[in-house]
Amino acid sequence: MTGSETPKTITLLGATGSVGDSVLSVIASQPARFKLHAVVARNSATKLARIAISAGAKSAVLAEEGELSSLRDALAGTGIQCAAGPEAVEAVATEPVDLVVAAIVGAAGIRPTWAALKAGNQIALANKECMVSAGNLFMSEARRQNKPILPVDSEHNAIWQVFDEDNKTAIEAVTITASGGPFRTWSQKQIASATPQQALNHPIWEMGSKITIDSASLMNKGLELIEAKHLFGLEVEQLRVLVHPQSIIHGLVHYSDGSVLAQLGCADMRVPVSYCLNWPSRGKSPASKLDFSTIATLTFEPPDLERFPCLQLAYEAMSAGGAATCALNAANEIAVAAFLDEKIPFGGIAHIVDTVLQQTVKETGSTEFENIDQAIESDRIARGRASKYLQQKQW
């Protein structure tokens, strides 16, 4: 970037989370290249205000209205605009910028990300649920806007970097790697009775609690498979998972001539974040650099679907299509929250998801959503089913 170029304007949805931290780090490392327009968070008014002031954002918005007065007080005299509530979040997401980073965790991120996309903003997607719950709708709208969705997740970003779209017919398969989480070597019995503290003890990545539990169950890999199916237009049989404990290789693309292209990097979210923020060029990043002289070995093993049934359920939902993947995600969110609250054992997560998934497939079949409201309603129904089953069953 030359001195005469204007900075790229960015709205950050999910500013107080782990991905938000990485985005802010990359922006701070290149202040002449990026300008933060708006920051959004669910709550945490004090932290959001601190971020907005430090980064020079024009506005700060909370999804929950209860902390609006605290946000106003923290921003008093700064000139930074503030607002709160779901409608305010969607409104700021539609304001024209060069890039909207969608990093709100869970289904709560669907509507604001959809609003940003419909408004014509370029999306850098770190929210798996948008693709898992309504991938066909998001991809169709992205094509209509002629603006590709940029994947922030390390695995999808890795695949994107080595995915030859011009020779897509030569691509036989795509492999997403998994660290294996904290229970990679545990027995099925040990995993089933694991505590939240044990499940949150991830050996490689530092993430929020929900995604860390998903990593422990390998549900995160299931959600990533579904996301990859939509992002890259792949068939179920082309999608694979390989456990790679060192987390150096993040994704591989297999070609018909026998070549396998892989992206390698340190387990640092600032690598994929920097790639998205700087795209279509590459820029400097504060991320750790890979030193091959310190890497003793790279090992790989297939995932065990018996010990990690959530991954198998994701394959089943992906094959069923329609509302199945939406139900998978919604039920998993309810189950993970219950596990973190110590209401169910770790093994109960897969049990709840399986029950809701089977009910959904039986009732809806493979019919795809026609609009975002149908996806949101399907999510609501699945959550209700999961909550009802959670309350009825004796754990």
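The values are calculated or read from the model by the stated rules, or taken from the named source; none is laboratory data. For clarity, every value in this text was computed on a predicted model and none was experimentally measured. Neighbour counts run over all protein chains shown; Cβ positions are idealised from the backbone, glycine included.
Details
- Looking across the range 191-230 at every residue that is among the charged types (D, E, K, R) and touching a strand residue (DSSP E or B) at 6+ places or on another chain (Cβ under 7 Å), the one that is farthest from SER179 (Cα to Cα) is identified as LYS229.
- Only one of GLY14, GLY109 that is modelled with pLDDT under 95 and outside the structural domain of PRO286 (by TED's automatic domain parsing): GLY109
Residues checked against (1) assigned to a loop (DSSP other than H, G, I, E, B); (2) surrounded by fewer than 24 Cβ atoms within 10 Å (Cβ to Cβ); (3) touching a Lys or Arg at 6+ places or on another chain (Cβ under 7 Å); (4) among the hydrophobic types (A, V, I, L, M, F, W, C):
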{"site": "GLU67", "(1), (2), (3), (4)": "no, yes, no, no"}
{"site": "GLU90", "(1), (2), (3), (4)": "no, yes, yes, no"}
{"site": "ALA93", "(1), (2), (3), (4)": "no, no, no, yes"}
{"site": "VAL100", "(1), (2), (3), (4)": "no, no, no, yes"}
{"site": "PRO112", "(1), (2), (3), (4)": "no, no, no, no"}
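- Residue match in the range 259-278 (condition: closer than 30 Å to SER29 by Cα, part of a loop (DSSP other than H, G, I, E, B), in contact with a Gly (Cβ under 9 Å, 6 or more places away or on another chain) and modelled with pLDDT under 95): no
- Subset of the range 233-253 (residues that are closer than 24 Å to ARG184 by Cβ and not in a loop (DSSP other than H, G, I, E, B)): LEU239, ARG240, VAL241, LEU242, VAL243, ILE249, HIS250, GLY251, LEU252
- Here GLY77 meets each of (1) outside any helix (DSSP H, G or I); (2) touching a helix residue (DSSP H, G or I) at 6+ places or on another chain (Cβ under 8 Å); (3) not polar (S, T, N, Q) with one exception, condition (2).
- Residue satisfying all of: in the range 179-207; of a type in the set (A, V, I, L, M) and more than 18 Å from PHE300 (Cβ to Cβ); nearest to the chain's Cα centre (by Cα) among these: MET207
- Among the residues listed as GLU65, GLU90, the single one being over 22 Å from the mean Cα position of the chain (by Cα) and in the same structural domain as SER140 (by TED's automatic domain parsing): GLU65
- Taking the range 137-158 as the range and being hydrophobic (A, V, I, L, M, F, W, C) and either farther than 26 Å from ALA323 by Cα or outside any helix (DSSP H, G or I) (or both) as the test, the residues that pass are ILE149, LEU150, VAL152, ALA158.
- Selection within the range 292-312: residues that are surrounded by 11 or more Cβ atoms within 10 Å (Cβ to Cβ), assigned to a loop (DSSP other than H, G, I, E, B) and hydrophobic (A, V, I, L, M, F, W, C). The member of this set that is farthest from the chain's Cα centre (by Cα) is ILE295.
- The set of residues from the range 114-136 being surrounded by fewer than 24 Cβ atoms within 10 Å (Cβ to Cβ), of a type in the set (A, V, I, L, M, F, W, C) and either modelled with pLDDT under 95 or not in a helix (DSSP H, G or I) (or both) comprises just one member, ALA119.
- Filter result (of a type in the set (Ser, Thr, Tyr) and either buried (at least 24 other Cβ atoms within 10 Å of the Cβ) or in a helix (DSSP H, G or I) (or both)) within the range 322-372: THR325, THR355, THR360, THR364
- Per this entry, GLY222 is not counted among residues that are under 18 Å from the mean Cα position of the chain (by Cα), surrounded by 24 or more Cβ atoms within 10 Å (Cβ to Cβ) and part of a loop (DSSP other than H, G, I, E, B).
- Where a residue in the range 306-327 is under 19 Å from GLN238 (Cα atoms) and its partner, wherever it lies, is surrounded by fewer than 18 Cβ atoms within 10 Å (Cβ to Cβ) and aliphatic (A, V, I, L, M), with Cβ under 6 Å and at least six apart: LEU311/LEU305; GLN312/LEU305; MET318/VAL236; SER319/VAL236
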